[in-house]
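**Student:** Below is one structure. I have some questions about it.
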Amino acid sequence: MYLESEMEETIRIPPDRLGEKLGEVVRDIAHETFDGVMAGDGFVVITYDIGRTGPSRIIHGDGGVYQDVSFKALIYRPENQEIVDGIVDEIVNFGCFIKIGPLDALLHISQIMDDHVDVDLRGSRLVGRETHRDVKKGDRIRARIVSVSLNQLIPRESKIGLTLKQVGLGKVEWLEEEKKKEGVSDEGV
């Protein structure tokens, strides 16, 4: 889920940036400091509407200047049971990694379909033995989040688990095929 949040923090302006325009320096440092990091239980995608609040402060023995800033942040917070759309980013022996927003999630081989799934690493795809349905890099997927373990220190190492084994989930092409089948059966009634 994407959320907008208003935040207030303190940034340090290093001495080598003190001769530059203060507004630009504050924006640059806020982006460098907060974009792509964990904030509470979410991942900051981008910060915007950054402004200074209050006077700058100097601390004895530190050549930098400390400035309070306020800003808005677009935060991505994956939630258990949430339905997400993503793109297959990598095929591995045990499933595939799906890019959901700014993070990767694991779609384990056991959670792809109710069919034995063969791994074809040469062809970079996962194939159902009976159905012949496949999942390959670049495919668009609709999945449900079944587990979330966010890593506060290294957000990109967070562990998010997905499943496709429910009605309305799967590779986008599979879902379109199901809609067409339903449309045919509706016309016959």
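Each value in this text was obtained by applying a stated rule to the coordinates, not by laboratory testing. Nothing here was measured: the structure is a model prediction, and the numbers come from that model. No Cβ is skipped: glycine too gets one built from the backbone with ideal geometry, and neighbour counts run over all protein chains shown.
**Student:** Among the lysines, which have Cα under 29 Å from the Cα of residue 136 when same-chain residues fewer than 8 positions away are ignored?
**Tutor:** Qualifying lysines at Cα under 29 Å: 99, 159, 165, 171, 179, 180, 181.
**Student:** Within segment 55-77, what residues put their amide N at less than 19 Å from the label point 7 Å along the Cα-to-Cβ vector of residue 24?
**Tutor:** Within reach of a label on residue 24: 65.
**Student:** Relative contact order for the chain using alpha-carbon pairs under 8 Å, separation at least 6, rounded to a whole percent?
**Tutor:** Reported relative contact order: 18 percent.
**Student:** What does the charge count around residue 70 come to, taking other residues whose C-beta lies under 9 Å from its C-beta (Lys +1, Arg +1, Asp -1, Glu -1)? Please report the intermediate quantities before stating the final value.
**Tutor:** Working: positive: 52, 72; negative: 6, 8, 9, 49, 68.
Cβ neighbours under 9 Å give a net charge of -3.
**Student:** What angle, in degrees between 0 and 90 and rounded to the nearest 10, separates the Cα long axis of helix 172-187 from the longest principal axis of the Cα atoms of the chain?
**Tutor:** That works out to roughly 50 degrees.
**Student:** Also, I was wondering about something else. What is the local net charge at residue 150, summed over the other residues whose Cβ is closer than 14 Å to its Cβ (Lys, Arg +1; Asp, Glu -1)? If you can, show how the numbers build up before the last one.
**Tutor:** Working: positive: 77, 156, 159; negative: 41, 79, 82, 104, 157.
Summing Lys/Arg as +1 and Asp/Glu as -1 gives -2.
**Student:** Given the rule -39500 (n - 2.57) for each run of at least 4 DSSP H residues, summed and divided by the residues of the chain, what is its mean residue ellipticity at 222 nm, to the nearest 500 deg cm²/dmol?
**Tutor:** Value at 222 nm, helices only, nearest 500: -5000 deg cm²/dmol.
**Student:** Okay, next question. What is the local net charge at residue 90, summed over the other residues whose Cβ is closer than 10 Å to its Cβ (Lys, Arg +1; Asp, Glu -1)?
**Tutor:** Surrounding charge for residue 90 is 0.
**Student:** Based on the mean of other Cβ atoms within 10 Å per residue, sort peptides 27-37, 57-67, 8-18 so the most packed one is first.
**Tutor:** 27-37, 8-18, 57-67
**Student:** Between residue 16 and residue 37, how high is the FRET efficiency from 1/(1 + (r/R0)^6) when r is the Cβ-Cβ distance and R₀ = 25 Å? Nearest 0.05. Mind showing how you got there, number by number?
**Tutor:** Values: r = 23 Å, r/R0 = 0.92.
Result of the calculation: an efficiency of 0.65.
**Student:** Starting from 0.36 nm per residue, how many nanometres of slack lie between residue 152 and residue 129 once their C-alpha separation is accounted for?
**Tutor:** Going from the current span to full extension adds 4.4 nm.
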